[in-house]
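Everything below concerns the one structure shown next.
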Amino acid sequence: MKIFLDTANIEHIREAASLGVVDGVTTNPTLISREEGEFEDIVRQICEIVDGPVSAEVVSLDCAGMVEEAKKLVQIHENVVIKIPMTREGVKALKELSELGIRTNCTLIFSSNQALLAAKAGATFVSPFIGRLDDAGQTGMDVVREIMDMYENYAFETEVIVASARHPQHVVESALAGADIITLPFSVFDKLFKHPFTDRGIDSFLADWEKVKNR
Ligand code: G3P
């Protein structure tokens, strides 16, 4: 399973990318609003750090506006993927962009039927928001499992990005469901490395090694 970072924070992206296990980045208008600087500059910087898909979201609500924004955004860097909201106009834009050879990530997916429509329209990626479904009392991962089954039944090439991940268990469950990608806030990514037994094990190995050195 590929791991993307769900952030526009350059320091966090640089730090995580230096570990060699980051395959891409997703942003959205909220994540961009938390950082200083121009949208296009932030996206360009991210693309220069991470050699993989970098999602940048459109804000138009009509198909023509989305396509126009997409055409400009893809000029920033070859890594740019266009995030399109799951609406009727969005689905039209997915189809048009797919015909133009522009890669897309259909966002704000909350049901498997929405994911089916996005795949039929030629989306490169879909992003089911599992944490927000969990917050609303549903089991977000159930939607991911349904999407994986649907896509396998019909051999859709659209890749599933598990989004709105809240904790490391979401990563385990996504990998067990066979999700192609999970996108993680830096805080969740950081937690993947940690286990108290690992820290305790290192401490005791080093303490014992001191005894060997002092022989
Ligand atoms: O990339 C969008 C998605 O991951 C949003 O997550 O935490 O705002 O529900 P969140």
Next item on the list: Please identify, among ILE46, ILE202, ILE109, the residue showing maximal mean-square fluctuation in a Gaussian network model of the chain using a 10 angstrom Cα cutoff.
Entry: ILE202
Checklist line | Between the range 193-215 and the range 70-84, the Cα center-to-center distance that results, in Å | finding: 48 Å
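Given a cut-off of under 8 Å on Cα pairs at least six residues apart, what relative contact order in percent is computed for the chain?
Working: 370 pairs, mean separation 37.1, N = 215.
Relative contact order of the chain: 17 percent.
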Check: Any idea which of ALA16, VAL81, SER204 is furthest toward the positive side of the dipole for the range 2-213, if Lys and Arg beta-carbons carry +1 and Asp and Glu beta-carbons -1?
Finding: SER204
Check: Which of the helices in the chain, when you take each full DSSP H run, stretch at least 24 Å along the axis at their Cα atoms and have an average Kyte-Doolittle score of -1.0 or higher?
Finding: 196-213
Item checked: Size of electric dipole in the chain: Cβ of Lys, Arg +1 and of Asp, Glu -1, about Cα centre, debye, nearest 20 -> 400 debye
Next item on the list: In a Gaussian network model over the chain where Cα atoms closer than 10 Å are linked, find which of SER60, SER164, SER127 has the largest mean-square fluctuation.
Entry: SER60
Next item on the list: Describe numerically, in nm with one decimal, the distance between label points set 7 Å from Cα along Cα→Cβ at ARG200 and at TYR154.
Entry: 5.0 nm
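Indicate the gyration tensor shape class of the range 87-215 (rounded, prolate or oblate), computed on the Cα atoms with a ≥ b ≥ c the square roots of the eigenvalues: a/c under 1.5 is rounded; otherwise a/b larger than b/c is prolate and the rest oblate.
On the way: a/c = 3.33, a/b = 2.68, b/c = 1.24.
In terms of gyration-tensor shape, prolate.
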Checklist line | Pairwise Lys count, the chain - Cα closer than 17 Å, eight or more residues apart or different chains | finding: 10
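Could you provide, to the nearest whole Å², the per residue accessible area of the chain with probe 1.4 Å? Intermediate values should be presented prior to the final figure.
On the way: 11450 Å² over 215 residues.
Heavy-atom SASA per residue in the chain reads 53 Å².
Based on DSSP H runs of at least 4 residues, each adding -39500 (n - 2.57), what is the mean residue ellipticity at 222 nm of the chain after dividing by all its residues, to the nearest 500 deg cm²/dmol? Could the numbers behind the result be given before it?
Numbers: 11 runs with 109 residues, N = 215.
After summing the helix terms and dividing by the residues of the chain, the value is -15000 deg cm²/dmol.
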Item checked: Net +/- balance of residues flanking GLU159 in space, Cβ distance below 13 Å, scoring K and R +1, D and E -1 -> -2
Checklist line | Segment LYS213-GLU78, extension gain: residue separation times 0.36 nm, minus the distance between their alpha carbons | finding: 43.3 nm
Check: Any idea what log10 I(q)/I(0) is at q = 0.09 Å⁻¹ for the chain, Debye with uniform C-alpha scatterers and no solvent?
Finding: -0.38
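The values are calculated or read from the model by the stated rules, or taken from the named source; none is laboratory data. Model, not experiment: these values are computed from the prediction. Heads up, the Cβs are rebuilt from the backbone with ideal geometry, glycines too, and the neighbour counts pull from every protein chain shown. Calculation scope for accessible area: heavy atoms of the full protein, side chains included, ligands and nucleic acids excluded. Shrake-Rupley method; radii C 1.70, N 1.55, O 1.52, S 1.80 Å.
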